[in-house]
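Here the structure comes first, spelled out in structure tokens, and everything after it is commentary.
The values are calculated or read from the model by the stated rules, or taken from the named source; none is laboratory data. Everything numeric in this text was worked out from a predicted model, so none of it was measured. Note that each Cβ is placed from the backbone with ideal geometry, even for glycine, and that neighbours are counted across all protein chains shown. To get the accessible areas, we keep the full protein, side chains included, count just its heavy atoms, and leave off ligands, DNA and RNA. Shrake-Rupley method; radii C 1.70, N 1.55, O 1.52, S 1.80 Å.
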Amino acid sequence: KEIEKEIEYEKKEGIKISNVKNLDKLTMSVLLALSVCYQARLLDRKSYREEICKLFKAPLKEIGSEQFDTHLQRVQRLFVRNMHQKQKENIALNRALTENCFMMIVCLEMRMSLFMVAKPGSSKSLAKSLVVSNMVGKIAPTESIFHHLKRVELLSYQCSPLSTPESIKEIFDLAKGNKNSEMDKECIVAVCLDEVGLAEDSKLMPLKVLHSLLEDPLDNDENSKITPCIGLSNWALDPAKMNRAIYMSRGNPDREELKNTARGICQDSLQMLPLVNGLANAFYKIKQPQKRDDYYGLRDFYFLLKMLKSVSDQLTNEKSPSIVERVVRRNFGGSDVTDENVQIFIDELGWKTSDTTGPPPVLDMVEECLAFQATQFTA
């Protein structure tokens, strides 16, 4: 029923994939299971879909690679669209965020552990916040899909090179204690290990304790079942740990995903929409051949868009090039290629260097940073 509603939404919004009909339950179940257990860990997902779709034969419905991806996107978007509207304001519902939310919801509902590995700015922490605030069980609105899912309590632990095996085991013991004292049987108490990759730098090897904590117990006692764990990391961990959980990996976004994200951030700014494609193309060019890996990352691009959006009422034909240059220097400066970065943005937006008023004084930009009211842009 929920998927049928999603198809109606696609038709209403004019989404191209609305002509793809729903699948039968068996085929959809197999598709989703394959996507969670196998496809999510791969970077080259298209090749996997092409190979696995060759095996979709009776009693499964035959589908192609694009159909596989279409049905998966539809289900992922379904969960995010059911979240509270206020929580989604000013958030770009891009592919990374919808997939992150979907994977967390499925793994928590099934009491499975998940290791999510992606570059900074890939919406890992945002997805965690959205999922926890919406998986509230019967408290959720009856028309929401979350009303039919379990309630989740998530205990967070910030990993670091100073983490110890005792401190990690302690948070799992605390979660198990909460689960045993919880009256609501439909409640799941889980642990979130934030920046779990940092703990690998500890000489005490604290993540070794996960080997036993993530293993299924031999008995079937309800109280002895493993405590599900969500591990967030910017880089891959030792396979001995990741193989004990569902593993999800995301690479760098392509041009189209960057454009879709930019449109989502700037959707309520008419002055910004004509600049979206050029800004995304410029960042894509800057991101690829960096001398220092990830010196400029996704968050720099997001803050660039948000800063431009905050002054969008000043974007006129005459002023736009100079405003964009100033914002680019604020977010893509600090290196010996700052001038090159500015030129890339100017070129991609179809302007000339002579259209700008030139680089602003450095001290002016420093004072501007210190005086800027929206503190999230001062970093």
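Condition check ((1) among the aromatic types (F, W, Y); (2) on the phi > 0 side of the Ramachandran plot; (3) modelled with pLDDT of 90 or more; (4) touching a Pro at 6+ places or on another chain (Cβ under 7 Å)) across all residues:
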position: Y247; (1), (2), (3), (4): yes, no, yes, no
position: A262; (1), (2), (3), (4): no, no, yes, no
position: L270; (1), (2), (3), (4): no, no, no, no
position: I286; (1), (2), (3), (4): no, no, yes, no
position: R292; (1), (2), (3), (4): no, no, no, no
position: S310; (1), (2), (3), (4): no, no, no, no
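Can you tell me which residue in segment 340-366 is surrounded by the fewest Cβ atoms within 10 Å (Cβ to Cβ), limited to those that are of a type in the set (A, V, I, L, M) and touching a residue at least 40 places away in the same chain (Cβ under 8 Å)? Lay out the reasoning, then the answer.
Within segment 340-366, the subset of a type in the set (A, V, I, L, M) is 342, 344, 346, 349, 362-363, 365-366.
From what is left, the residues that are touching a residue at least 40 places away in the same chain (Cβ under 8 Å) are 344, 349.
On the way: I344: 20, L349: 18.
Here the answer is L349.
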Practice task
Just name the residue that is nearest to R111 (Cα to Cα) out of those in segment 161-180 that are of a type in the set (A, V, I, L, M) and open to solvent by less than 70 Å² (accessible area, probe 1.4 Å).
Solution key: A175
Fill in the blank from the handout: Here the residues within segment 249-304 that are buried (at least 18 other Cβ atoms within 10 Å of the Cβ) and among the aliphatic types (A, V, I, L, M) are L258, A262, I265, M272, L275, V276, L279, A280, A282, I286, L298, L304
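Conditions tested, residue by residue: (1) assigned to a loop (DSSP other than H, G, I, E, B); (2) open to solvent by 20 Å² or more (accessible area, probe 1.4 Å); (3) in contact with a strand residue (DSSP E or B) (Cβ under 6 Å, 6 or more places away or on another chain); (4) under 30 Å from G177 (Cα atoms).
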site	(1), (2), (3), (4)
K54	no, yes, no, no
Q87	no, yes, no, no
F115	no, no, yes, yes
A127	no, no, no, yes
P141	yes, yes, no, yes
S156	no, yes, yes, yes
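Just the residues that are part of a loop (DSSP other than H, G, I, E, B) and either within 14 Å of G297 (Cα to Cα) or in contact with a strand residue (DSSP E or B) (Cβ under 8 Å, 6 or more places away or on another chain) (or both), please, taken from segment 244-267. Write out each step before concluding.
Step one: list which residues in segment 244-267 are part of a loop (DSSP other than H, G, I, E, B), which gives 244-245, 250-254, 266-267.
Selection gives A245, R250, G251, N252, P253, D254.
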Problem - Test set (1) of a type outside the set (G, A, S); (2) open to solvent by 20 Å² or more (accessible area, probe 1.4 Å); (3) out of contact with any helix residue (DSSP H, G or I) (no Cβ under 6 Å at 6 or more places or on another chain) - R77 fails condition number - result: (3)
Exercise for the section: Could you tell me which numbered condition V20 fails, if it satisfies all but one of (1) at pLDDT 95 or above; (2) among the aliphatic types (A, V, I, L, M); (3) touching a helix residue (DSSP H, G or I) at 6+ places or on another chain (Cβ under 6 Å)? Expected result: (1)
Exercise for the section: Residues being part of a loop (DSSP other than H, G, I, E, B) and surrounded by 17 or more Cβ atoms within 10 Å (Cβ to Cβ): count how many of those fall in segment 222-233. Expected result: 3
Fill in the blank from the handout: Considering segment 309-326, residues that are in contact with a helix residue (DSSP H, G or I) (Cβ under 9 Å, 6 or more places away or on another chain), without any contact (Cβ under 8 Å) to a residue 40 or more places away in the chain and not hydroxyl-bearing (S, T, Y), and then whichever is most open to solvent (accessible area, probe 1.4 Å), we arrive at E318
Practice task
Out of I63, I91, report the one residue that is closer than 25 Å to E143 by Cβ and either among the hydrophobic types (A, V, I, L, M, F, W, C) or open to solvent by 80 Å² or more (accessible area, probe 1.4 Å) (or both).
Solution key: I91
Handout entry: Number of the condition not met by F68 [criteria: (1) in a helix (DSSP H, G or I); (2) in contact (Cβ under 8 Å) with a residue 40 or more places away in the chain; (3) farther than 30 Å from K208 by Cα; (4) open to solvent by less than 40 Å² (accessible area, probe 1.4 Å)]
Key = (2)
